[in-house]
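Here the structure comes first, spelled out in structure tokens, and everything after it is commentary.
The values are calculated or read from the model by the stated rules, or taken from the named source; none is laboratory data. Just so it is clear, the structure is predicted and the values come from calculations on it, not from any experiment. Here Cβ is always computed from backbone atoms with ideal geometry, including for glycine, and neighbour counts include all displayed protein chains. Remember, those area values only see protein heavy atoms, side chains included, never the ligands or the DNA or RNA. Shrake-Rupley method; radii C 1.70, N 1.55, O 1.52, S 1.80 Å.
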Amino acid sequence: MNKPLRVGVAGIGTVGAALIAQVASQRAQLTARCGRPIEIVAVCARSKGKKRGVDLKKMKWFSDPVELAGDSSIDLFVELMGGAGDPAKTAVEFALASGKSVVTANKALLAKHGVKLAQLAEKSGVALNYEAAVAAAIPIVRTLREGLTGNAVNRVYGILNGTCNYILTRMEQEKLSFAECLKQAQDLGYAEANPAFDIEGHDTAQKLSLLASLAFGTKIDESAIYVEGISSIAAADLAAADELGYRVKLLGVAVKTPQGIEQRVHPTMVRKDSAIAQVMGVTNAVTIDAAGINPITLIGPGAGGAATASAVLSDIADVARTQVGYTRLANDKLQNSGKPEFCVKVAPFGRPTSILTSVRKAPMQRHEGGYYIRLQARDKPGTAASIATRLAEQEISLESIVQRHPKDGPSADTAKGSVPVILITYATSEDSVRKALAAVGHDKVISGRPQVIRIEKN
Ligand code: HSE
């Protein structure tokens, strides 16, 4: 029997506890599939006494994650503490520098320091795996990093935040308010500690920054991403989308354009008959458009303890398999045991860090696509003509225009003399839309702010 892979886990929250439970319940299967046992031999968390529903008795307890990261009783350090700063950063750096492979679910850490950490991993010749950092149980990191090595990716986009998709689904299907749906998502453990991070699109942006690097061989650059969240989405938008044959999803999109790489996170209209529109609730989905193949869409659980832990476990198993030909000597050095080694070194971001390029950022003003625009328009002769003129000035062509009085008689708004007008444009530029709407606002034919939702071709 090959020696066990000895694992230390820092952070025993929902994901850490689920991981410990999965390793215990799948011991025989993991040993068979990896060629050696996986043993969690040490753990670290803030509070020792907390009830976690898993047996930690046989594990060495650490209260300092950095100490655990450097401890000679482990071969692999699993970081599940979260956060872009310390202690996660120092602990991961220390583990890598001391020749230990690292598995992490920490998208914030990787979005900020991923390239530096990958350099450290390269230098030490160890793995840095992070499948759980993007879309939890969906194996999207491995798909981009390994499965599609031979395909040039043109676009990668997806539903990367379970909380937002859960909220939009519940609002659409159950006609519940935004606040009620958010509360449910928090109660179910999907949302981040600060749910604004989910709702305002930053969680999606961090995940997208990793996917873009894997897809295009660029250095991770979260600051190159245009970000808009879902908090302004109203029931009226979901109802209009439904009538017009669309659904609203928060998408993260990274796409090659002649101007560079466009990276954006925003509420998006997707055609109801598209694969991504079928994705409901906390489920995530990622579509990859790559040269030479039809688009690939992966769909699966994108949040929650068990789903995230399963991705962490697959990363651990990957390390267990690829180091199987080594034995550990008394002086803690690894030595090839002489058995055939089937280790394939995979760079954390799919390419050596030395050839990752800086992102050439395509400006958002030059984004091109269709737009949904909802205006609260003055109910007077000439309003529609005035709006149409402003759009025509920017050469925006309309696919449809709907002005609606509520079925049940005039609403407070119509009583005040305004009606909702919904426009769907053909492909145009962001700049043209912004200029046209600024002019419409200037003409004083609308009240409030126009609602603008981009339409993604899929
Ligand atoms: N808050 C995240 C989500 C958890 O809702 O998708 C997984 O990153």
*Which listed residue (Val421, Gln451, Ala436) has the Cα farthest towards the positive end of the charge dipole for the chain, taking +1 on Lys and Arg C-beta and -1 on Asp and Glu C-beta about the Cα centre?*
Gln451
*Which whole-number percentage describes the relative contact order of the chain, with Cα contacts under 8 Å and a sequence gap of 6 or more?*
16 percent
*Please state the relative contact order of the range 84-231 as a whole percent: Cα pairs under 8 Å, 6+ residues apart?*
24 percent
*With 10 Å bins from 0: P(r) over the chain, alpha-carbon pairs, percent*: 4, 20, 27, 22, 14, 8, 4, 1, 0
_Set of lysines with alpha-carbon distance to Lys380 below 26 Å, sequence-local pairs under 8 removed_ = Lys407, Lys416, Lys435, Lys444
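Using the Cα centre of the chain as the reference point, and only Cβ charges (+1 on K/R, -1 on D/E), how large is the resulting charge dipole? Debye, rounded to the nearest 20.
Values: 55 positive and 44 negative charges, 184 e Å.
Roughly 880 debye, rounded to the nearest 20.
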*Can you give me the relative contact order of the range 8-92 as a percent, contacts being Cα pairs under 8 Å and 6 or more apart?*
38 percent
*Taking the chain as the reference, fit the longest principal axis to its C-alpha atoms, fit the long axis of helix 107-124 to the helix C-alpha atoms, and give the angle between the two in degrees, 0 to 90, nearest 10.*
40 degrees
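Would you mind putting 49-55, 18-24 in packing order, based on average other-beta-carbon counts within 10 Å, highest first?
On the way: 49-55: 10.4, 18-24: 20.7.
Output ranking for 49-55, 18-24: 18-24, 49-55.
With +1 on the Cβ of every Lys and Arg and -1 on the Cβ of every Asp and Glu, and nothing else charged, how large is the dipole of the range 216-273 about its Cα centre, in debye rounded to the nearest 20?
Details: 7 positive and 8 negative charges, 42 e Å.
Computed charge dipole of the range 216-273: roughly 200 debye.
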*Quick one: work out the % antiparallel among DSSP beta bridges in the chain, nearest 5.*
70 percent
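Which order do the peptides 376-389, 237-250, 58-71, 133-146 take when ranked by the mean count of other beta-carbon atoms within 10 Å per residue, highest first?
Working: 376-389: 15.7, 237-250: 19.5, 58-71: 17.9, 133-146: 23.6.
Descending mean neighbour count gives 133-146, 237-250, 58-71, 376-389.
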_Please compare each pair in Lys3/Lys89; Lys207/Lys361; Lys50/Lys100; Lys183/Lys272; Lys256/Lys457 to a cut-off of 22 Å on the Cα-Cα distance and tell me which ones are over it._
Lys3/Lys89; Lys50/Lys100; Lys183/Lys272
*By per-residue mean of other Cβ atoms within 10 Å, what is the highest-first order of 448-458, 101-111?*
101-111, 448-458
*Scattering from the C-alpha atoms of the range 1-116 alone, worked out with Debye: what is log10 I(q)/I(0) at q = 0.20, 0.23 1/Å?*
-1.09, -1.34
_All lysines inside 16 Å of Lys58 as judged from Cα atoms, apart from same-chain residues fewer than 8 positions distant_ = Lys48
*With every protein chain left in place, what is the accessible area per residue of the range 140-303 in square angstrom, probe 1.4 Å?*
35 Å²
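So for the range 140-303, Kirkwood radius off the Cα pairs, Stokes-Einstein at 10 °C and 1.306 mPa s: how many µm² s⁻¹? Before the final figure, lay out the partial values.
Working: Rh = 16.0 Å.
The estimated diffusion coefficient comes to 99 µm²/s.
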*Using only Cα atoms, locate the centre of the range 256-313 and the centre of the range 149-195, then give the distance between them in Å, rounded to an integer.*
12 Å
*Over the chain, what percent of the accessible surface lies on carbon and sulfur atoms, probe 1.4 Å?*
52 percent
*Which is farthest toward the positive dipole end of the chain among Leu144, Ser124, Gly302, measuring Cα position about the Cα centre, with Cβ charges +1 (Lys, Arg) and -1 (Asp, Glu)?*
Ser124
_Which residues does the label zone of Ala236 cover in the range 415-439, counting backbone N under 11 Å from a point 7 Å along Cα→Cβ?_
418-422
*Which distance in Å, rounded to a whole number, links the C-alpha centroids of the range 426-456 and the range 377-406?*
11 Å
*Subtract the Cα-Cα distance of Asp273 and Glu174 from 0.36 nm times their separation in residues, and report this length gain in nm to one decimal.*
33.6 nm
_Stretchable slack from Leu188 to Arg27, in nm (0.36 nm times residue separation minus alpha-carbon distance)_ = 55.1 nm
*Could you give the distance between the Cα centres of the range 35-78 and the range 99-135, to the whole Å?*
19 Å
*What's the percent breakdown of Cα-Cα distances in the range 365-455 across 10 Å bins, shortest bin first?*
18, 52, 25, 6, 0
